[in-house]
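Below you'll find the structure, written out as structure tokens, and then a few comments.
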Amino acid sequence: MEGHTDAPCPNCDHPVNDRPRAGGVTVCLNCGAWLVPDGESKLRGMSRSEAEQMPGPVQSTLIKASRLILQRGGAAPAEATEEDHE
Ligand SMILES: [Zn+2]
């Protein structure tokens with residue numbers, strides 16, 4: 001087991017290689033979840049109250065980032081294709 005490889009997103013299990021430092025926050029590139037460090041090598045989802053305590057510019061950056069991620073959905077956004085969400 002390696003100690004400092006990608007930590008999985010606790011929300012969707014996608015590996016997150018942008019590990020935030022203590023007090024930092026990152027966004028899962030797969031599901032757009034806001035993640036904060038939890039111990040040495042783990043991540044956990046940011047709670048709503050933590051999110052509310054962040055400065056406004058940080059919040060809006062994160063909101064934009066997760067919107068882009070969710071819009072992208074991993075595919076080219078040429079046309080609005082319908083995804084069956086099952
Ligand atoms: Zn995720």
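A few points about this structure:
- Amide H contacts for R44 (H built 1.01 Å from N in the peptide plane; partners 5 or more residues away or on another chain; cut-off under 5 Å): V36, D38.
- Cleavage-rule hits (GluC sites (Glu not before Pro)) in the stretch 6-58: DSSP loop, at most 10 neighbouring Cβ within 10 angstrom: E40
- Taking packing as the residue-averaged number of other Cβ atoms within 10 angstrom, the listed peptides 62-68, 17-23 run from highest to lowest as 62-68, 17-23.
- Simple label model, 7 Å out from Cα along Cβ direction - N17 to Q71, nm: 2.5 nm
Bear in mind that the values in this text are calculations on the coordinates, not laboratory data. It should be emphasised that the depicted structure is a prediction, and the values quoted were computed from it without experimental measurement. Because the Cβ atoms are built from the backbone with ideal geometry, glycine has one as well, and the counts that use them run over all protein chains shown.
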